[in-house]
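The next block holds one structure in the form of structure tokens; read it before the comments.
The values are calculated or read from the model by the stated rules, or taken from the named source; none is laboratory data. Source: prediction; values computed, not measured. Cβ atoms come from the backbone with ideal geometry, glycine included; neighbour counts cover every protein chain shown. We work out accessible area using only protein heavy atoms, side chains counted, and drop any ligands, DNA or RNA first. Shrake-Rupley method; radii C 1.70, N 1.55, O 1.52, S 1.80 Å.
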Amino acid sequence: MNKPGYLKDAAQLGTFDMDLEQGVMELDERARRFFGINHRETVTYLKDFVPALHPDDREKITTIINNVFIKSVSNGNYDVAYRTVGIENQRIRWVRAKGKAYFNEQDKPVRFIGSVLDITEQKLDELRKNDFIAMVSHELKTPLTSLTAPIQVLNSKLKNSEDSFTSGALKNADKQLKKMGTMINGFLNISRLESGKIQIIKQEFLLDGLIREIVREAELTVSTHQIKFNPCLGVKVNADIDKIGSVISNLLSNAVKYSPKDTIIHVDCQVVDDYAQVSIRDEGIGINHNNKEKLFDRYYRVENTHTQHISGFGIGLYLSAEIINRHAGKIWVESEIGFGLTFYFNLPLNFNKILDAS
Ligand code: ADP
């Protein structure tokens, strides 16, 4: 075995090399094993690779690969984890694949090359941890739900009471219960997402209608900041309205959390190329360049003297990014430390995208 061969063997890596002009794939022995390919004939994307993907991951992975072949979308970068099902023995394996597509001078993809690693053990361990988080969140939710109803009833009974201490205490209890509910729901959503149980249910809706509703809701609870909304009239998207709503709420509540009192939060919606683009800008602490990419990682929180006393688990942005990715959109951030931060996300527009706004 030559040196690269030993290295591959030591790292337990399988490799693939796809000739996009001929539509054939070259897989080494290990990669063939991962995909359950036993025959010795030429491997093809459609006849061998796609059927070896787990049915629940098939659409997601083929969509990602299609994007890998569009230079302007992915720059050819490929980094995914998915399940394969051995065609012969039906064995389910988790693999991590990392690779790159190469383009010719006309930006046409010509070659797709990369490596695959068996991560089944690691993934099963992660899934067990997720199940645990889901179970704990469910258990915590039950007593919380039982507490919420009586507190709400007492709250409305004491609305006009003269006992300001009791009514104030109950109001606060209600607020804290809601806060706890949001945190627990965050964990529940994470475990649902990781076990593939979050489904995107698309429908057509007017984006600025949704944003307006969420801004209005936020204004009911936020008295510390002013929110200015610049709408995009008539822009329709085909997306999961509840999940996109939760992304906007999350970005808005981050803007409130991480910017000082009496500052302005600007919410903007516009059409840029073939996408509806939403931005949420605050005048807060901002982040430095190094944190930009990591911000969307699970459980990631920027640690500094400003954030030390702000509570959170680092899951909101991770969930938001997953939701936007599943809509074939993009989420990103622009910021300079001390000069506020702007979150952007975009969603592909429908064919008949802009209704007559008049
Ligand atoms: P959480 O706020 O619960 O910690 P998020 O996933 O929503 O979790 O955010 C991750 C981290 O990103 C935060 O801990 C914070 O450090 C940083 N961050 C998010 N939004 C902003 C913002 N508007 N300004 C500055 N930092 C932010």
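Select from region 265-285 the residues that are of a type outside the set (D, E, K, R), within 13 Å of the ligand (Cβ to nearest atom) and more than 21 Å from the chain's Cα centre (by Cα) and list them in ascending order. Steps first, please.
Let us first name the residues in region 265-285 that are of a type outside the set (D, E, K, R), namely 265-267, 269-272, 275-280, 284-285.
Going one step further and asking which of them are within 13 Å of the ligand (Cβ to nearest atom), we end up with 265-267, 279-280, 284-285.
Correct list: Ile265, His266, Gly284, Ile285.
Scanning region 48-65 for any residue that is assigned to a strand (DSSP E or B), touching an Asp or Glu at 6+ places or on another chain (Cβ under 6 Å) and not small (Gly, Ala, Ser) turns up nothing.
Pairing each residue of region 236-260 that is at negative phi and of a type in the set (Gly, Ala, Ser) with any residue that is assigned to a loop (DSSP other than H, G, I, E, B) and within 16 Å of the ligand (Cβ to nearest atom), provided the two are 6+ apart or on different chains, yields C-beta distances under 8 Å for Ala255/His225; Ala255/Gly284; Ser259/His225; Ser259/Glu283; Ser259/Gly284; Ser259/Ile285; Ser259/Gly340.
Could we say that Ile201 is away from the ligand (no atom under 12 Å from the Cβ) and either closer than 25 Å to Ser335 by Cβ or surrounded by 15 or more Cβ atoms within 10 Å (Cβ to Cβ) (or both) here? So that I can check it myself, show each step before the final result.
Values: away from the ligand (no atom under 12 Å from the Cβ): yes; either closer than 25 Å to Ser335 by Cβ or surrounded by 15 or more Cβ atoms within 10 Å (Cβ to Cβ) (or both): no.
Judged against the criteria, Ile201 is not a match.
Here region 286-321 is the region considered, the condition is being among the β-branched types (Val, Ile, Thr), assigned to a loop (DSSP other than H, G, I, E, B) and near the ligand (Cβ under 10 Å from one of its atoms), and the residue that is nearest to the chain's Cα centre (by Cα) is Ile315. Taken as a whole, the condition of being within 15 Å of the ligand (Cβ to nearest atom), open to solvent by 40 Å² or more (accessible area, probe 1.4 Å) and at pLDDT below 95 does not apply to Asn352.
In region 270-283, the residues that are more than 16 Å from Ser249 (Cβ to Cβ) and without any contact (Cβ under 8 Å) to a residue 60 or more places away in the chain reach residues that are open to solvent by less than 50 Å² (accessible area, probe 1.4 Å) and assigned to a loop (DSSP other than H, G, I, E, B) with C-beta atoms within less than 9 angstrom, at least six apart or across chains, in these pairs: Gln270/Cys232; Glu283/Ser259; Glu283/Thr263; Glu283/Gly340. Could you tell me whether any residue of region 168-183 is within 26 Å of Thr221 (Cβ to Cβ) and in contact (Cβ under 8 Å) with a residue 60 or more places away in the chain? Yes - at least one qualifying residue is present in region 168-183.
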